[in-house]
Amino acid sequence: MISVFWHRRDLRIDDNHGLAKIAEKYTNVLPIFIFDTTILEELEADDKRVSFIYLSLKKLKKKYQALGSDLFVLKGKPLDVLKQLNKNHSIQAIYTNRDYEPYAISRDREVAQWASEYEIDFQTFKDHVMFEKDEINVDGRPYKVYTPYSKKWKAELGIIPEYNLNAEALNFELKQSLPSLESVGFREVLGVAPKVQLDDATLYNYAENRNLPAKAATSNLGVYLRFGNTSIRKMVKLAKAKSEVFLNELIWREFFMTIMWFYPESATHELKTQYRGIPWENNEDYFDAWRQGKTGFPIVDAGMRQLNETGMMHNRVRMITASFLVKDLCIDWRWGEAYFAKKLMDFELSSNVGNWQWAAGTGTDAAPYFRVFNPTSQQEKFDPKFEYIKKWVPEFNTASYPSSIVNHKEAREKILALYKTHLNT
Ligand code: FAD
């Protein structure tokens, strides 16, 4: 008989809540990871995120091996995989950490149902966030505005726990060699692990420099938090000690997760219902120019090219490119959200949707729709020496650089009129 710890968004051993808990109660704990074909089917063979996961699994496996145990890497529909594992080894318990996305919730519900039929002890734990679901609320209702949410979040924080593994509870008998990435249906892409920056210089100067895309002034934690290589509890402790502004960003992440938990329909529909049904122009040529970084607006083009090449884009530039797509090109925010979802290393449904709706003025933002970023003044303010632009758009200022596809001033007036008419009808 074995007990199973199922890794998902928590590709680490240290400070892992569910893992520590199963090892407190059971022995013979087999750690597993399942390449979920339901998710993989949607992705292209050279998806950078899959390579990142694979690299992380290699490291995790080595860590388990150093403890005398092993990580089993499996592939299939999770319920089928667990059923097969149960046939082969007889499972008494499955523990895992909670995932709050709509698909994950329904997947776990099915697993819980099956486990209860077979009298398998299935338990889930809070590990990915400091506060989950409705833990931060106002009289039982969710906050829809960030500032009061973050104040309550800070007030409720208290002592941050740490969860240590009793390694003696691991399984030491079963061994598996890591399946190749090709056998999972993917090609390995190199250079997919961004350099994490949590040194004092970065954190103490974060507030001042974080908006300057030419400087390497942010943490690059996105993808590590997404897949749980890093414990959020440890990051919050660090942020509390070194940078309030950095802490505020970590709270944005949880704020958007709370919104997605309460309003899963916001993944595809405007959170503010009065904005539903805006008649977007959705010009496909403009959309192509935006995707390729050929709009003739250098800060927009630099951002899109950085995204296409690396799977990363600086936050300030994400805001500018998103505003440009929606407000200057009059393209549905869902198109942009889907493109970012396909390309971003740190893609997180709640943060991506939340930020896109923020840019479109349809989500949680307290400000009304009429904030339209001016790409030229944004460039003057945040990349005054064109350093970021020159890095990603080498032909900038030469004859081969495209001319602007729209006139910003006219586009601004047009979109404001469109929103206004829509809201008044
Ligand atoms: P840092 O500045 O070092 O911040 C530390 C961490 O705080 C980030 O890793 C992230 O977990 C969190 N964080 C920071 N800013 C935000 C924010 N605005 N919203 C939510 N969390 C935040 N972030 C994602 O993690 N996944 C996404 O899919 C995503 N899509 C976005 C789409 C748009 C249109 C915009 C404007 C922003 C998006 N962001 C997303 C937020 C932000 O751009 C990234 O989290 C950040 O750029 C990642 O780089 P970093 O780790 O160096 O961030």
Cβ-based charge dipole, region 1-160, positive-most Cα from Ile120, Tyr149, Trp6: Tyr149
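Quick check for me: using +1 on Lys/Arg Cβ and -1 on Asp/Glu Cβ, what's the dipole size of region 1-87 about its Cα centre, in debye to the nearest 20?
About 300 debye.
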Cα centroid separation - region 77-113 against region 386-403, whole Å: 50 Å
Residue-wise HN-Hα coupling along region 171-179, computed from phi with Karplus coefficients 6.51, -1.76, 1.60 (Hz; x: Gly, Pro): 7, 10, 9, 7, 10, 8, 7, 5, x
Rg over Rh [alpha-carbon atoms, Kirkwood Rh] for region 163-290: 1.07
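Of the listed peptides 68-77, 7-16, what is their order by residue-averaged count of other C-beta atoms within 10 Å, with the highest listed first?
Sorting 68-77, 7-16 by mean packing, highest first, produces 7-16, 68-77.
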Geometric extent, Cα atoms of the chain - Rg, Dmax (angstrom): 22.9, 70
About the Cα centre, charge dipole magnitude for the chain (Lys/Arg +1, Asp/Glu -1 at Cβ), debye: 760 debye
Estimated Rh, region 1-152: Kirkwood, alpha-carbon pairs, angstrom: 17.0 Å
Directionally averaged projected area (convex hull, Cα atoms, region 252-388), nm²: 8.0 nm²
Bins of 5 Å, starting at 0 and running to the largest distance - Cα pair percent for region 88-157: 3, 13, 19, 17, 15, 12, 9, 6, 3, 1, 0
Mean Cα-pair separation over length for the chain, i.e. relative contact order, pairs under 8 Å, 6 or more apart, %: 18 percent
Region 12-100, accessible surface, carbon-and-sulfur percent (1.4 angstrom probe): 50 percent
Angle in degrees between helix 333-343 and the longest Cα principal axis of the chain, rounded to the nearest 10: 50 degrees
Interchain or long-range residues, amide H under 5 Å from Phe125's placed H: Thr96, Asn97, Arg98
Simple Cβ-charge dipole of region 124-227, Lys/Arg +1 and Asp/Glu -1, about Cα centre, in debye nearest 20: 520 debye
Cα-only radius of gyration and Dmax that characterise region 333-425, units Å: 16.1, 46
Sorted peptide list for 344-353, 172-181, 106-115, criterion being average Cβ within 10 angstrom, highest first: 344-353, 106-115, 172-181
Peptides 300-313, 378-391, 317-330 ordered by average Cβ neighbours within 10 Å, highest first: 317-330, 300-313, 378-391
Length-normalised contact order of region 128-234 in % [C-alpha pairs under 8 Å, at least 6 apart]: 29 percent
Of all accessible heavy-atom area on region 166-292, the percent that carbon and sulfur account for (1.4 Å): 50 percent
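The values are calculated or read from the model by the stated rules, or taken from the named source; none is laboratory data. Note that the structure is a prediction, hence the values are computed from the model and not measured. No Cβ is skipped: glycine too gets one built from the backbone with ideal geometry, and neighbour counts run over all protein chains shown. Protein only, heavy atoms only, side chains kept; ligands, DNA and RNA dropped before computing areas. Shrake-Rupley method; radii C 1.70, N 1.55, O 1.52, S 1.80 Å.
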